[in-house]
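> My questions will all concern the structure given below.
The values are calculated or read from the model by the stated rules, or taken from the named source; none is laboratory data. Small disclaimer: the values here were computed from a predicted structure and weren't measured. Cβ atoms come from the backbone with ideal geometry, glycine included; neighbour counts cover every protein chain shown. We work out accessible area using only protein heavy atoms, side chains counted, and drop any ligands, DNA or RNA first. Shrake-Rupley method; radii C 1.70, N 1.55, O 1.52, S 1.80 Å.
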Amino acid sequence: MSVVVPLIGLSPTGEKEKKQGKKEICYCHLVQLLRGTSHLLNQTYIVHWNLIGSKFYSTHLLTESIYKEMQEGLDTVAEHIRSLNISTPFCVMDLNEAKELDPLPHDCFAQDEMITVLAKNYNKLAESFSKLSKEAEAIGDQLTMDLAAERGRAHKKQQWLLKSNL
């Protein structure tokens, strides 16, 4: 049976409990990053499908290459979570819950604004994966640390590619 990592109620007291508390916090963060990755993947689709204007073609091609990489990255994160015997979200609404990411503008002609928000969200996800890497290091989980570093680098690159389109 899979463990469902709680998102609240962590109050460790002893040394063993502190380590377990750090582990729960790290893995809660990992599951939240799965949500954020899914949400950002969907935002990338939205920009890919809806952006209109002089930057359409270059942005359309760029977002296509980004979402293809993101699909693999999302699957890698989910499989890693399952390898830890932790459940991933069970419904689409829960999977796409990412309050830390900014919403996209609803104006298809706001090219620079759409690209800027998307780039900003890739940077936020990169920073969050960097934080996860430090949490994983603190609990001695090298595999999660490596995954976090890999995904953080990918999102930093995606952010840079998007910003270069401005």
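> List pairs: first in the range 97-116 and closer than 15 Å to S128 by Cα, second open to solvent by 40 Å² or more (accessible area, probe 1.4 Å), Cβ under 7 Å, 6+ apart or cross-chain?
A98/H39; E100/K124; L101/H39; L101/K124; D102/K120
> Determine which member of the set E79, E137, E97 is farther than 20 Å from Q158 by Cα, acidic (D, E), open to solvent by 50 Å² or more (accessible area, probe 1.4 Å) and in a loop (DSSP other than H, G, I, E, B).
Unique residue meeting the criteria: E97.
> Separate question: Which numbered condition trips up L143, out of (1) in a helix (DSSP H, G or I); (2) among the hydrophobic types (A, V, I, L, M, F, W, C); (3) closer than 15 Å to T44 by Cβ?
Here L143 meets the rest and fails (3).
> Inside the range 57-81, can you point out the residues that are farther than 24 Å from C28 by Cα and of a type in the set (G, A, S)?
S58, S65
> Let me ask you something else. List every residue pair whose Cβ atoms lie under 9 Å apart, where the two residues are 6 or more positions apart in sequence or sit on different chains, the first residue falls within the range 28-48 and is at negative phi and part of a helix (DSSP H, G or I), and the second residue, located anywhere, is open to solvent by less than 10 Å² (accessible area, probe 1.4 Å) and among the basic types (K, R).
Sorted first by the residue in the range 28-48, then by its partner, the pairs are L33/R151; T37/R151.
> Exactly one condition in (1) over 13 Å from the mean Cα position of the chain (by Cα); (2) surrounded by fewer than 18 Cβ atoms within 10 Å (Cβ to Cβ) is false for Q111; which is it?
The one condition Q111 does not meet is (2).
> Continuing with the same structure: Restricting attention to the range 56-76, which residues are over 17 Å from the mean Cα position of the chain (by Cα) and either among the aliphatic types (A, V, I, L, M) or open to solvent by less than 40 Å² (accessible area, probe 1.4 Å) (or both)?
Residues satisfying the conditions are T59, L61, L62.
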